[in-house]
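Peer 1: The structure that follows is given in the form of C-alpha cells.
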Ligand code: TYM
C-alpha cells in the first residue's frame, strides 16, 4: 500500500518542477510579494508544472535570530503565503528543515564547489558586512544549501527576485559540474522573474529589505501604517529639469508604476518637469493603491489564522510529498558519486 502510494507520487512528480522559498526573518513585505510570490502564483496555475514553495528556516538561522520566537515567525510566513493565494490544491507547501535530505545534498554538492566562488558572491559579501560578528560556517554554506533546495527536486524553474540571480547562476554551475563529473543527474534550472523583480527601499537607497528598518511595507500593514511609512520616504522640491533616476523620488515613482501603472508614473514624470509634483497627494494615492492590493490578502490570511489545524495538514502533505522525491534524488546522487 505504502509502496503504491510512493509510486503514484513519483509518477505525478514527473511534471517539470518549480521550487522557491523565503526566509522566515520577518513577515513578508512588498518586495517579497512582487518579486517572488507573484511569480509563485503565476506558476502554480500552469498545469505542466509541479510547484513546491518553502519556508527556508535553515537559511534564516545563518543571521542573528531568536530561537524562542522562531516557530512563530515560520508560521507567519506560511500564513502570508496562504493569504497571497498559494493554493494547496495547486502547489506543495513545505518547511525546509522538515526534509533533511536538503542538508545532505548540500554537503555532497559542497565537496565539488570551490571556496573562492562562494566568497565572490555579492549576497555573501552583503551579509558579511551586515553582521560582521556573526560570520558562521552556515552563512558560507548558504548558497550551496540553496542550490541543494532547488536540485533535490530537479527543479527547472525558480521564481525569485533580482537579488537572488547570482544564486541561481551558482546553482546552474553546480548542476553542470556535478553532471560533468558523475554523469547527467540534474537539469540546469532557470530563474523566473516578475515585473516587480526589484522593489526599491522606502528610505531612498537599495532594495526593500527585512533587515533594513524603515525600508519596507509588510503585507499585513494597515492603511494607517502604510501611510506612516510612506510619509517617511525622502523627497525633494517636486520639480526640476530631469526626473531623478535614483534616490527617494525615483523609488516612489517605481512604486507608483508597480501599483498604479505606467501611465500614472509617466503623468507624474510630466508634472516633475512642469508645475511640480505634490508629494502629499502622490503618497496618499500610492498608499490607497497598495492597501487595495493588500486588503484581500489580509482577509484570506485571517481565514487561515483561524484555521491553524488546516494549515498544519497542508504542511504535513508538503513534507510527505517532498520527502519521497528528495529521498529518490539523494539515492541517485549517492549512486553517481560512488557512495553506495
Ligand atoms: P529572501 O527570504 O531574502 O526573499 C524571498 C524572495 O523575495 C525576493 N525579494 C525581493 N524581490 C524584489 N524586490 C525586493 N526588494 C525583494 N526582497 C526580497 C527574493 O528575491 C526572494 O525570491 N536565498 C533566498 C531564499 C532561498 C531560496 C532557495 C529561494 C533559499 N533557498 C531556493 C529560491 C530557491 C532568500 O534569502 O530569499
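Peer 1: Give the number of residues within the range 26-43 that are more than 10 Å from the ligand (Cβ to nearest atom) and within 18 Å of residue 195 (Cβ to Cβ).
Peer 2: Let us first name the residues in the range 26-43 that are more than 10 Å from the ligand (Cβ to nearest atom), namely 27, 41-43.
Keeping just the survivors that are within 18 Å of residue 195 (Cβ to Cβ) gives 41-43.
Of the residues in the range 26-43, 3 are more than 10 Å from the ligand (Cβ to nearest atom) and within 18 Å of residue 195 (Cβ to Cβ).
Peer 1: Within the range 272-285, can you find the residues that are in contact (Cβ under 8 Å) with a residue 24 or more places away in the chain, assigned to a helix (DSSP H, G or I) and over 16 Å from residue 200 (Cα atoms)? Write out each step before concluding.
Peer 2: First, pick out the residues of the range 272-285 that are in contact (Cβ under 8 Å) with a residue 24 or more places away in the chain: 272-279, 282-285.
Retained after the next criterion (residues that are assigned to a helix (DSSP H, G or I)): 272-273, 279, 282-285.
If the condition is that a residue be in contact (Cβ under 8 Å) with a residue 24 or more places away in the chain, assigned to a helix (DSSP H, G or I) and over 16 Å from residue 200 (Cα atoms), then 272, 273, 279, 282, 284, 285 are the ones that fit.
Peer 1: Only one of (1) more than 24 Å from residue 209 (Cα to Cα); (2) touching a residue at least 60 places away in the same chain (Cβ under 8 Å); (3) more than 17 Å from the chain's Cα centre (by Cα) fails for residue 136. Which number is that?
Peer 2: (1)
Peer 1: If the requirement is being more than 13 Å from residue 29 (Cβ to Cβ), surrounded by 14 or more Cβ atoms within 10 Å (Cβ to Cβ) and free of Cβ contacts under 8 Å to residues at least 12 places away in the same chain, which of these qualifies: 225, 257?
Peer 2: Values: 225 fails: more than 13 Å from residue 29 (Cβ to Cβ).
Just one listed residue meets the conditions, 257.
Peer 1: Now a separate question. Taking interchain pairs and intrachain pairs at least six residues apart, which have beta carbon atoms under 7 angstrom, with the first residue in the range 153-172 and without any contact (Cβ under 8 Å) to a residue 40 or more places away in the chain and the second in a loop (DSSP other than H, G, I, E, B) and within 6 Å of the ligand (Cβ to nearest atom)?
Peer 2: Partner pairs satisfying both residue conditions: 168/160.
Peer 1: Could you grab me the full set of residues in the range 204-221 that are free of Cβ contacts under 8 Å to residues at least 24 places away in the same chain and either touching a strand residue (DSSP E or B) at 6+ places or on another chain (Cβ under 6 Å) or more than 14 Å from the ligand (Cβ to nearest atom) (or both)?
Peer 2: Initially, the range 204-221 is screened for residues free of Cβ contacts under 8 Å to residues at least 24 places away in the same chain, giving 206, 212-215.
Of everything in the range 204-221, just one residue is free of Cβ contacts under 8 Å to residues at least 24 places away in the same chain and either touching a strand residue (DSSP E or B) at 6+ places or on another chain (Cβ under 6 Å) or more than 14 Å from the ligand (Cβ to nearest atom) (or both), namely 213.
Peer 1: Going residue by residue through the range 106-115, is there one that turns out to be closer than 30 Å to residue 47 by Cα and either surrounded by 15 or more Cβ atoms within 10 Å (Cβ to Cβ) or touching a strand residue (DSSP E or B) at 6+ places or on another chain (Cβ under 9 Å) (or both)?
Peer 2: Taking the range 106-115 as the starting set, the residues that turn out to be closer than 30 Å to residue 47 by Cα are 106.
Checking which are either surrounded by 15 or more Cβ atoms within 10 Å (Cβ to Cβ) or touching a strand residue (DSSP E or B) at 6+ places or on another chain (Cβ under 9 Å) (or both) leaves us with 106.
Yes, because at least one residue in the range 106-115 is closer than 30 Å to residue 47 by Cα and either surrounded by 15 or more Cβ atoms within 10 Å (Cβ to Cβ) or touching a strand residue (DSSP E or B) at 6+ places or on another chain (Cβ under 9 Å) (or both).
Peer 1: Considering only the range 49-147, give the helices (runs of 4 or more DSSP H) lying wholly within it that have at least 2 residues that are outside the structural domain of residue 326 (by TED's automatic domain parsing). Write out each step before concluding.
Peer 2: Numbers: elements: 57-60, 70-84, 101-110, 115-120, 122-130.
Answer list for the range 49-147: none.
Peer 1: Here's another thing I want to ask about it. Within the range 182-203, identify whether any single residue is touching a residue at least 12 places away in the same chain (Cβ under 8 Å), part of a helix (DSSP H, G or I) and assigned by TED's automatic domain parsing to the domain that holds residue 27, and answer yes or no.
Peer 2: Within the range 182-203, the first condition is being touching a residue at least 12 places away in the same chain (Cβ under 8 Å), and the residues that meet it are 182-183, 185-203.
Subset that is part of a helix (DSSP H, G or I): 182.
Among the residues that remain, those that are also assigned by TED's automatic domain parsing to the domain that holds residue 27 are: 182.
Checked the range 182-203: at least one residue is touching a residue at least 12 places away in the same chain (Cβ under 8 Å), part of a helix (DSSP H, G or I) and assigned by TED's automatic domain parsing to the domain that holds residue 27.
The values are calculated or read from the model by the stated rules, or taken from the named source; none is laboratory data. Computed from a predicted model, the values in this text were never measured in an experiment. Heads up, the Cβs are rebuilt from the backbone with ideal geometry, glycines too, and the neighbour counts pull from every protein chain shown.
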